[in-house]
Structures are given as C-alpha cells and as structure tokens.
Amino acid sequence: MIVAMETKKDAVSYIKDALLAHKLTVTIIDISLGSNGEVWDGERKLAAMDQSVADAVTRIGECTDGDGPIVLGVGGGTGSDMIVRVMKALPGTMSKVLVTTLPFDPRAAVAEDSIILVPSVVDIEGLNPSLRSVFDRTAGLVAGLANLSPSANPQPSVGLTTLGITGRAGVEISQKLIDAGHEVTAFHANGFGGAAFAKHAREGAFAAAIDMTVHEITRMVVAGTCVEMPDRFSATGQIPRIILPGGMNVIGLGGIDSIASHFLDRPHYRHSAHFTHVKMSSEEMHNAATALAAALNLGEAPTRVLMPMGGFSSEDRPNGAVEDAHLRAVAAETLEVSAQKYEVVRISAHIFAPETAEKAVHLLLETL
C-alpha cells in the first residue's frame with residue numbers, strides 16, 4: 001500500500017485492518033515528504049516528491065516476490081500525483097488500484113497502465129461513514145484480485161492502432177491477421193492510447209505491429225491534447241512493422257465551442273459533441289511527416305510505410321469534409337525523401353478499401 005503516512009494515518013489504519021480481515025499480507029510504502037507541516041516553496045516540494053517517488057519504486061522492487069503484488073495507493077492531490085508516477089514506473093503486468101480524490105484528468109493517469117481508479121467522492125481527511133464504505137469495498141476489490149488464478153504467460157501479439165475515423169480499416173486488418181493465426185491487440189490512438197501502445201512495445205508484448213493510425217503525430221507536432229510519449233513512433237523499431245497514415249490529415253480538437261476561430265476558418269467537421277476534426281495545412285503536414293520520418297529512421301527492424309493515396313481517414317474521400325489529394329501527396333513525398341530505415345509503398349486505394357487491408361497484412365506476413 002502506497003500512502004503518505006504523514007497525512008493519511010487514520011485511513012491507513014482502517015484500510016490495513018480491512019485488508020488483513022481478507023487474510024492478505026500488507027506492506028506499507030510511505031511516500032510522506034517529511035515537511036512536518038512546514039510550507040515549502042514549489043521547487044523544494046517538487047524535488048521532495050521526485051525523491052519520494054524514486055524511493056518508493058526502489059522499495060517495491062526490493063519487497064516484490066515471485067507471486068506478484070497488488071499495488072494499492074491511497075491519496076489526495078499531491079499523493080495521487082506521486083502514486084500514479086510510482087505505478088507507471090512498475091511493470092504493466094502488476095495489478096494496480098488507486099483510491100483517489102481525482103484531482104486530475106484521469107485519462108493521462110491510465111494512458112499507459114491498467115490502473116483501477118476508485119473515486120473517494122469525499123476528501124480523504126480523517127474517517128467518516130462515506131470513506132469507510134469506500135475503503136471496505138476497496139479491500140474487497142483487492143481481495144478479489146488476490147484470489148485470481150494467475151494467467152498463463154501470454155504469447156506476443158500483433159499491435160494495432162486504430163481510431164473512429166480509421167476503424168473500418170482496423171476491423172479488416174484484424175480479421176485478416178486472425179485468419180492468418182495471429183492475435184491482435186488494438187489501441188485507441190487518441191493522444192493517450194498511443195502511450196500504452198509504446199509501453200507494450202517496450203515490454204515485449206508484440207511480435208510485430210501495424211501502426212495504422214499515426215494521428216497522434218499531429219497532436220504532438222501541431223495541436224491537440226496528448227500525454228508525453230517521446231517514443232510513440234520509435235518503441236516498435238525493433239520489431240517488423242507496417243505504418244499507415246491513418247488520421248494524419250486532421251487535427252483532433254475538442255467541442256466546437258472551444259475551438260479558436262483560426263481553426264474554424266479551415267475545413268472541419270464535428271466528429272461528435274466532444275471532438276472536432278480540422279484539416280491540416282500543407283506546412284503542418286510537411287512538419288508532421290518530417291517528425292514521423294525522424295522517429296521511424298531510429299528503427300532497426302524491417303519497416304514499410306504503406307500510403308493509401310485515395311484517402312487517410314473517413315472524411316478524406318471524394319465529397320468528404322476534409323478531402324485533399326494535395327495534402328496526401330505532401331505526406332507521401334516528405335516520407336519518401338526522408339526515408340533511411342524504411343521503405344514507402346504507395347497504393348491508389350482509400351484506407352478503408354479492402355485492398356489496403358490486404359496489402360498491409362500481406363506486407364507484414366511477408367516480412368515475418
């Protein structure tokens with residue numbers, strides 16, 4: 001259990017007793033900063049947080065046995081921030097539960113890891129009926145995880161990236177890979193899912209990858225929300241992979257009422273009430289393709305970039321809201337000129353066309 005004993009002593013005592021009642025062994029990892037009530041300036045506090053996180057990761061490594069622990073965190077604002085950082089530094093295969101006041105956007109917290117978030121609803125200060133109820137249910141949840149039968153060691157699958165605007169192609173590619181005897185692990189490349197895709201690659205979860213939806217490069221280089229993922233397009237560089245420019249033609253922004261007017265002056269459409277897609281400019285496409293090429297050139301394994309010149313997404317088609325053949329040409333030409341460690345293959349079809357999925361899977365299986 002990761003918790004700041006300095007501020008959460010009552011909560012720790014109650015939860016520990018609840019866990020012991022389920023016949024679990026409990027080890028406390030204290031992440032207290034040691035301020036003793038003193039108000040520190042920002043830099044001192046941040047440095048102490050960094051040190052406490054590093055110490056906690058080391059301590060968990062020292063007390064972990066072969067059975068694999070369940071990592072339970074309990075925290076408010078500062079504590080939850082630190083606990084998430086500790087959890088992200090641990091192997092993705094560990095079971096992780098965080099009781100939190102949710103003082104942050106949870107998408108970033110769970111982008112790389114399957115962290116079970118338990119909202120405390122009320123602040124974690126002292127004890128009260130609401131908190132006891134949350135803690136009792138959390139203890140039951142942890143006990144349930146502890147009683148799960150261990151899974152067999154999974155065989156590496158084929159990693160795939162997808163999105164609503166490329167989803168039809170993802171279904172086609174997945175089915176063809178399954179028909180060829182491969183399991184597929186798909187990730188939602190929306191600025192957060194790509195971080196999990198990269199972490200899975202780093203941890204050896206993939207035998208190969210079809211990075212069909214590179215939309216996140218537009219968020220990283222141009223605009224849009226995303227978590228930090230510096231190895232998003234290089235983490236798969238040690239395995240055979242096929243890259244497609246899915247969603248590379250649009251900037252993914254929020255609800256239409258939240259978007260700056262200079263974006264709305266361009267061709268755009270409402271993907272949903274929460275998301276608006278704005279067409280990339282030629283300069284932005286060149287910059288994004290250049291950044292993608294630089295990352296792909298870091299790879300050592302066979303890499304092919306398949307360019308469906310009939311369209312990169314659902315609305316990049318004849319009469320589509322953001323259709324633009326010139327933009328596609330800019331992407332293809334930039335990637336071709338920059339290629340060092342990869343090969344570019346052009347086809348005339350749209351990304352949704354059956355022949356695109358056929359070609360992507362054929363190229364991967366040929367490499368394998």
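The values are calculated or read from the model by the stated rules, or taken from the named source; none is laboratory data. Computed from a predicted model, the values in this text were never measured in an experiment. A quick note on method: Cβ atoms are made from the backbone with ideal geometry, for glycine too, and the neighbour counts reach across all protein chains shown. For accessibility, only protein heavy atoms count, side chains too; no ligands or nucleic acids. Shrake-Rupley method; radii C 1.70, N 1.55, O 1.52, S 1.80 Å.
What pairs come up if the first residue lies in segment 322-346 and is in a helix (DSSP H, G or I), the second is surrounded by 19 or more Cβ atoms within 10 Å (Cβ to Cβ) and basic (Lys, Arg), and their beta carbons are under 9 Å apart, counting only those six or more places apart or on different chains? The qualifying pairs are Leu327/Lys279.
Selection of segment 277-314 for residues being under 17 Å from Thr213 (Cα atoms), over 25 Å from the mean Cα position of the chain (by Cα) and in a loop (DSSP other than H, G, I, E, B) yields Met309, Gly310, Gly311. Kindly establish whether Thr138 is under 24 Å from the mean Cα position of the chain (by Cα) and either buried (at least 17 other Cβ atoms within 10 Å of the Cβ) or at pLDDT 95 or above (or both). No.
Condition check: surrounded by fewer than 17 Cβ atoms within 10 Å (Cβ to Cβ), of a type in the set (Gly, Ala, Ser) and within 27 Å of the chain's Cα centre (by Cα). Does Ala329 satisfy that? For Ala329, the condition - surrounded by fewer than 17 Cβ atoms within 10 Å (Cβ to Cβ), of a type in the set (Gly, Ala, Ser) and within 27 Å of the chain's Cα centre (by Cα) - is not met.
Of the residues making up segment 186-214, those that are under 16 Å from Thr166 (Cβ atoms) and either open to solvent by less than 10 Å² (accessible area, probe 1.4 Å) or not in a loop (DSSP other than H, G, I, E, B) (or both) number 14. Residues in segment 93-133 that are surrounded by fewer than 20 Cβ atoms within 10 Å (Cβ to Cβ), among the aliphatic types (A, V, I, L, M) and part of a helix (DSSP H, G or I): Ala108 only. Which residues, taken from segment 248-276, are open to solvent by 30 Å² or more (accessible area, probe 1.4 Å) and assigned to a strand (DSSP E or B)? Matches in segment 248-276: His268, Tyr269, Arg270.
Restricting attention to segment 223-247, and to residues there that are within 27 Å of Asp105 (Cβ to Cβ) and charged (D, E, K, R), which single residue is most open to solvent (accessible area, probe 1.4 Å)? Steps first, answer last, please.
Looking only at segment 223-247, we keep the residues that are within 27 Å of Asp105 (Cβ to Cβ), and these are 223-236, 246-247.
Of the ones still in play, those that are also charged (D, E, K, R) are 228, 231-232.
Values: Glu228: 172, Asp231: 35, Arg232: 1 Å².
My answer is Glu228.
Total residues in segment 48-77 satisfying the condition of being open to solvent by 60 Å² or more (accessible area, probe 1.4 Å) and part of a helix (DSSP H, G or I): the figure is 7.
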